[in-house]
1. So what's the angle, to the nearest 10 degrees on a 0 to 90 scale, between helix 359-374 and the longest Cα principal axis of the chain?
2. If the reach is capped at under 22 angstrom between alpha carbons, list the lysines near residue 356, excluding any in the same chain fewer than eight residues apart.
3. Have a look at the DSSP beta bridges in the chain and tell me what percent are antiparallel, nearest 5.
4. What is the helix-to-structure angle for 106-119, meaning the angle in degrees between its Cα long axis and the longest Cα principal axis of the chain, kept from 0 to 90 and rounded to the nearest 10?
5. Which loop-located GluC sites (Glu not before Pro) does the stretch 338-391 contain, where loop means any DSSP state but H, G, I, E or B and the Cβ has at most 13 other Cβ atoms within 10 Å?
6. If packing is taken as the average number of other Cβ atoms within 10 Å across a peptide's residues, how do 103-113, 34-44 rank, most packed first?
7. Please check which bits of the stretch 128-153 a label hung off residue 285 would reach, taking the label as a point 7 Å along Cα-to-C-beta and the cut-off as backbone N under 17 Å.
8. Can you list residues whose amide H is under 5 Å from residue 272's amide H, if they're 5+ apart or on another chain and H is modeled 1.01 Å from N?
Amino acid sequence: MASGTYDIITIGGGLGGAALAKVMAEHGARVLVLEREKQFKDRIRGEGLGPWGVAELQALGLYDLLRETCGHEVPWGDIYLDSLQIAHRDMVATSPQQAPLFTFPHPAMQEVMLQAAEDAGATVQRGASVREVQPGTMPTVGVERDGHSKTLQARLIVGADGRSSLVRKWARFTVQQDPEGLLIGGVLFADMALPSEDVLPWWINSRLSQETLFFPLGQGRVRAYLGYHRQANPARLQGEKDLPRFIEESIRTGAPAEYYKGARAIGPLAMFEGADTWVDHPYKDGVVLIGDAASASDPSWGQGLSLTARDVRVLRDHLLAHEDWDAAGHAYAAEHDWHYGVIHRLDNWMQEVFLKYGPEAEARRARVFPLIAQDGTRVPDHVACGPEVPADETARRRFFGEE
């Protein structure tokens with residue numbers, strides 16, 4: 001292998017890029033991780049996986065590592081719909097994967113994963129600014145670090161650089177986006193008075209087209225989220241000045257006011273667009289996209305990290321199964337389009353039924369909610385179980401009360 005040439009260069013050292021680097025280095029691949037940040041900080045990123053995401057981490061050999069270093073198992077999920085509790089669910093007992101919900105502080109996870117990639121034999125360069133990517137039979141990356149520029153080659157360039165991916169732009173992928181719908185924001189709290197760190201509580205207030213949910217991270221830390229339909233509430237809450245409004249709206253949605261007594265915000269408040277962005281078939285000419293670079297799922301439903309773990313596992317399996325990595329890239333992209341497509345479709349159904357704003361949505365809920373009260377299995381279980389749940393027209397009509 002020529003100097004400056006790698007099997008894989010991952011651009012981005014988050015869960016996707018670092019996990020792929022670790023698992024491929026363990027199989028003898030020469031892997032380079034280029035990470036822009038020298039020190040990770042709280043930026044309100046995903047911090048939880050459902051049982052299906054836990055199963056993907058287990059298949060990658062990463063779950064025990066994260067659980068023992070920075071992770072927190074949450075075996076129970078509580079759901080409240082318009083102030084009525086409709087679920088107190090033992091995730092281990094009721095999910096096909098027999099796994100809990102799983103949370104972690106995102107910056108801590110990134111540190112653990114990058115170190116694991118390095119320990120497996122990958123080269124990690126932090127403070128690296130990627131300037132360009134040139135697709136091709138032997139694609140190249142232009143990178144600047146410590147005032148020096150160089151061009152590197154690899155058999156495969158992996159864009160793991162998030163929902164604003166530059167790799168996606170440089171490789172000329174076409175980006176698609178859903179219409180604007182939900183806004184969602186979060187704050188990291190310490191000393192929040194949740195009744196238990198073993199339960200993830202989630203309130204959906206369809207009358208307000210709002211939701212609030214709490215991810216226990218362990219050691220008294222909780223990521224609190226607030227989401228709402230922008231037609232019902234177009235305000236974008238940002239910064240310390242809007243923290244009282246964030247708390248007020250969360251309580252109005254259904255969260256108990258006592259949760260916030262004594263709680264201290266230890267991270268920034270920011271709010272983001274919930275609309276999905278994605279590319280169809282995220283591979284071409286030696287460049288592959290994973291995680292949010294390939295498909296940024298609406299964070300309102302908490303599927304982003306599970307999708308990333310699935311992307312890594314599927315890409316790893318195809319790279320190990322094919323001598324021809326061009327064929328492996330196309331096989332991964334086809335499989336990605338299926339598993340993301342199912343999650344995307346079901347997330348949109350959830351928004352339509354629970355959080356859509358306006359008289360048509362209210363009429364739909366008047367029809368659907370009594371049916372759900374009689375039979376909760378009408379609601380798609382993809383948040384816990386993943387893309388293997390039914391998502392065809394029969395499932396849609398049953399959920400929407402149209403059968």
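Throughout, read-outs are computed from the coordinates displayed, never taken from laboratory work. For clarity, every value in this text was computed on a predicted model and none was experimentally measured. A quick note on method: Cβ atoms are made from the backbone with ideal geometry, for glycine too, and the neighbour counts reach across all protein chains shown.
1. 80 degrees
2. none
3. In the chain, DSSP labels about 70 percent of beta bridges as antiparallel.
4. Relative to the chain, helix 106-119 is tipped by roughly 30 degrees.
5. Details: sites: 352, 360, 362, 388; in loops: 388.
Here the sparse-neighbourhood loop sites are 388.
6. 103-113, 34-44
7. 131-142, 152-153
8. 184, 185
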